[in-house]
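The values are calculated or read from the model by the stated rules, or taken from the named source; none is laboratory data. Only a predicted model underlies this, so the values are computations on that prediction, with no experimental measurement involved. Quick reminder, even Gly has a Cβ in these numbers, built from the backbone with ideal geometry, and neighbours come from all protein chains shown.
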Amino acid sequence: MDQTLLAGIVGAGGVVAGALIQTLGPNLTHLFKRSGTDVPDLRGKWDATWEVTRGTRSTVYARDVIDITKQSGSEVIGHGIDYRQDYPLRGVINTQTMITFSYDYGPLNFPLVGSGVLVPNSTFLELNGLWIGHIHDRSLVTGKVVWRSHRDPSRPSHDSFHQVRENSNATSSR
């Protein structure tokens, strides 16, 4: 990996970590206190909306479904599902106030890798946070990410999403 690119990734990660520590500082003591019973169950499907922020402007970069299939204590394993492919995702629940995750969306011409931090709302049906990673144009970006649980009965069905994915896969395999 190019040393300049690696330095940029590390520097950007430090900026995100600094912003999170400043924002979440009063809650950080919870990271060091854990009982076996305070880990929420994240298993299931989540609608994810990923934004890219450049300057003061944020735009939706991607929408996909996150499927958390395994949870062992505070560790979660799952995958993201979008119209092109599935990709692995791993995370750690650092108490009920914070979830960290990483993903590796490859192999494409350029692997898309990243990580993020999520904070749940009071009902634990929505997780809000920040992500940082590479995108299709090979730039390192950051932005907001929101996961909304399919457990919420007010959320619409995602049959239409899967239909779009199936149509796209049929087109791309020609």
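Quick check on region 98-113. Is at least one of its residues closer than 15 Å to T49 by Cα, at pLDDT 80 or above and touching a helix residue (DSSP H, G or I) at 6+ places or on another chain (Cβ under 9 Å)? No, region 98-113 contains no residue that is closer than 15 Å to T49 by Cα, at pLDDT 80 or above and touching a helix residue (DSSP H, G or I) at 6+ places or on another chain (Cβ under 9 Å). Checking each residue in region 65-78 for being within 20 Å of L112 (Cβ to Cβ), surrounded by fewer than 18 Cβ atoms within 10 Å (Cβ to Cβ) and not charged (D, E, K, R) picks out only I77.
Yes/no matrix, rows are residues, columns are (1) crowded, with 17+ Cβ neighbours inside 10 Å; (2) at pLDDT 90 or above; (3) in a strand (DSSP E or B):
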position: R84; (1), (2), (3): no, no, no
position: L118; (1), (2), (3): yes, yes, yes
position: N128; (1), (2), (3): no, yes, yes
position: R151; (1), (2), (3): no, no, no
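Exactly one residue among A62, A48 is closer than 14 Å to G116 by Cβ, surrounded by 11 or more Cβ atoms within 10 Å (Cβ to Cβ), of a type in the set (A, V, I, L, M, F, W, C) and at pLDDT 90 or above, and that residue is A48.
Return yes or no: is D159 loosely packed, with under 15 Cβ neighbours inside 10 Å, at pLDDT below 80 and in contact with a Ser or Thr (Cβ under 9 Å, 6 or more places away or on another chain)? Answer is no for this residue. Considering only strands (runs of 3 or more DSSP E) fully contained in region 41-82, which possess at least 1 residues that are among the polar types (S, T, N, Q)? Of the strands (runs of 3 or more DSSP E) lying wholly inside region 41-82, those with at least 1 residues that are among the polar types (S, T, N, Q) span 44-54, 57-72.
Can you tell me which residue among V92, V10 is hydrophobic (A, V, I, L, M, F, W, C), part of a strand (DSSP E or B) and either under 18 Å from F124 (Cα atoms) or at pLDDT below 80 (or both)?
Answer to the check: V92.
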